[in-house]
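Please read the structure below before turning to the comments.
The values are calculated or read from the model by the stated rules, or taken from the named source; none is laboratory data. This structure is a prediction, so every number in the text was calculated from the model and none was measured. Cβ sites come from the backbone with ideal geometry, for glycine too, and all protein chains shown count toward neighbours. With ligands, DNA and RNA removed, areas are computed over all heavy atoms of the protein, side chains included. Shrake-Rupley method; radii C 1.70, N 1.55, O 1.52, S 1.80 Å.
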Amino acid sequence: MVADEVVAVAADDAWFAARMTQIQFAALAARLKTGRVLDDITNLPHFGTLRRGAQCDPRLVRQWLLNGWSTENLLRINLEHLEGDALSHSLHWAFPQAYYSVYSLTMAYFQTVGYSEQSHTAVIRKFGTEAVCGRYPATVSFALVGGKSRSFHHIEPIPLTNNLQFDESSPDDCNGRICQFLNATRDLDLSSKKADLKFKTARGTHKKKLKPHEWQRVSDQLGPTSLLSLLYRKRLKANYREIDTYLSSAIDAPRLYRAILQTVLTTNFAHELLVTRALGKGGLRGVLPGGVEARFSFLTARLTACESRAA
């Protein structure tokens, strides 16, 4: 392949990656609504049984909450105050910020109820397991499990007819795109976990092809692929090697930013509801410092909704 053809293929790949990123987060944003999470809580048996863990440290809960909200606030500030090229050039930072905001609220919940997971790998695995088992609101609980034979949980895998056309007003199209996102992410994660496990042949050489039971072992080690897995994958990809993707003409930066923020705020709200219920009397406001709602004005309505639903 000559140099000009290489450049053309790379440009096409960057455009396709940009288009798929735009579609994936538009699909997530269309599904992830705080009102749906509130509706889910009504039918979530686990919600009524939540209690503060014996080892819960309110100081750590507060620290994780403030970390997550501060990072969410950065996304909001960029979307509100940046425009044009400045907003486009900030996009590659939005993905790590999205992941770390959600990770921090996840840790606040884990600390509240007494889960011991700390590392990113362990937290992602636990989040996925809780989602599959029905201990999260269904709206944020979509997940994929299995090796070569896979099954979806809390989402319907709708076949896609066109890879580049997307109708965000169609719930089926949104679910199909999210399932596509889950599948692609699981392919990457299974491949990485397979390399970690270092399968060997009888002769002691590296094993290239695995049998079904070996793929199941890889799957068991990985755990479910969930919303947190998707955010972690994008956090890893969002570096200077990907800058051409985020500057592509296929990216509508304000729209993508809004979709990222919608994904973050809804997932954070789900955790805020769970933490409020588990903390019991006093709820979230009982562990927060004074003035936090003046600092993060977006919190007031969410905290009020949490207290009302957890009562």
Could you list, in sequence order, all residues of the range 41-73 that are among the small types (Gly, Ala, Ser) and buried (at least 17 other Cβ atoms within 10 Å of the Cβ)?
Gly68
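Out of Gly134, Gly146, report the one residue that is closer than 30 Å to Gly280 by Cα, surrounded by 14 or more Cβ atoms within 10 Å (Cβ to Cβ) and in contact (Cβ under 8 Å) with a residue 40 or more places away in the chain. Walk me through how you get there before you give the answer.
On the way: Gly146 fails: closer than 30 Å to Gly280 by Cα.
Selected residue: Gly134, the only one of Gly134, Gly146 that is closer than 30 Å to Gly280 by Cα, surrounded by 14 or more Cβ atoms within 10 Å (Cβ to Cβ) and in contact (Cβ under 8 Å) with a residue 40 or more places away in the chain.
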Residue check for Gln262: surrounded by fewer than 22 Cβ atoms within 10 Å (Cβ to Cβ), closer than 17 Å to Leu105 by Cα and not small (Gly, Ala, Ser):
yes
Test each condition in (1) modelled with pLDDT under 95; (2) within 19 Å of Thr49 (Cα to Cα); (3) open to solvent by 40 Å² or more (accessible area, probe 1.4 Å) for Ser249 and report the one that comes out false.
(2)
Residue that is nearest to Asn268 (Cα to Cα), among those in the range 71-88 that are part of a helix (DSSP H, G or I) and without any contact (Cβ under 8 Å) to a residue 12 or more places away in the chain:
Ile77
Verdict on Leu188 being open to solvent by 60 Å² or more (accessible area, probe 1.4 Å), within 16 Å of Ser229 (Cα to Cα) and either touching a helix residue (DSSP H, G or I) at 6+ places or on another chain (Cβ under 9 Å) or not in a helix (DSSP H, G or I) (or both):
yes
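Return yes when Phe152 is part of a helix (DSSP H, G or I) and either surrounded by 16 or more Cβ atoms within 10 Å (Cβ to Cβ) or not hydroxyl-bearing (Ser, Thr, Tyr) (or both) and no when it is not.
Working: part of a helix (DSSP H, G or I): no; either surrounded by 16 or more Cβ atoms within 10 Å (Cβ to Cβ) or not hydroxyl-bearing (Ser, Thr, Tyr) (or both): yes.
Considered against the rule, which asks whether it is part of a helix (DSSP H, G or I) and either surrounded by 16 or more Cβ atoms within 10 Å (Cβ to Cβ) or not hydroxyl-bearing (Ser, Thr, Tyr) (or both), Phe152 comes out as no.
Tell me which residues, restricted to the range 268-311, are of a type in the set (A, V, I, L, M), buried (at least 16 other Cβ atoms within 10 Å of the Cβ) and either part of a loop (DSSP other than H, G, I, E, B) or touching a Phe, Trp or Tyr at 6+ places or on another chain (Cβ under 9 Å) (or both). Show your work before the answer.
As a first pass, look at the range 268-311 and keep what is of a type in the set (A, V, I, L, M): 270, 273-275, 278-279, 284, 287-288, 292, 294, 299, 301, 303, 305, 310-311.
Going one step further and asking which of them are buried (at least 16 other Cβ atoms within 10 Å of the Cβ), we end up with 270, 273-275, 278-279, 284, 287-288, 292, 299, 303, 305, 310.
Listed by number, the residues that qualify are Ala270, Leu273, Leu274, Val275, Ala278, Val287, Leu288, Val292, Leu299, Ala305, Ala310.
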Tally up the residues in the range 118-137 that are in contact with a Phe, Trp or Tyr (Cβ under 6 Å, 6 or more places away or on another chain) and not in a helix (DSSP H, G or I), please.
0
Would you confirm whether or not the range 283-291 contains a residue that is closer than 27 Å to His81 by Cβ and hydrophobic (A, V, I, L, M, F, W, C)?
yes
In the range 171-180, is there at least one residue being open to solvent by 60 Å² or more (accessible area, probe 1.4 Å) and without any contact (Cβ under 8 Å) to a residue 24 or more places away in the chain?
yes
Identify the residue in the range 105-117 that is open to solvent by 10 Å² or more (accessible area, probe 1.4 Å) and in a helix (DSSP H, G or I) and, among all such residues, is farthest from Thr21 (Cα to Cα).
Val113
Could you count how many residues in the range 74-95 are closer than 27 Å to Lys126 by Cα and open to solvent by 20 Å² or more (accessible area, probe 1.4 Å)?
2
So for the range 20-27 (the condition being open to solvent by 10 Å² or more (accessible area, probe 1.4 Å), of a type in the set (Ser, Thr, Tyr) and in a helix (DSSP H, G or I)), does at least one residue qualify?
no
Could you please find all residues in the range 198-230 being open to solvent by 40 Å² or more (accessible area, probe 1.4 Å) and either assigned to a helix (DSSP H, G or I) or within 19 Å of Ser149 (Cα to Cα) (or both)?
Lys208, Lys209, Lys211, Pro212, His213, Gln216, Arg217, Asp220, Gln221
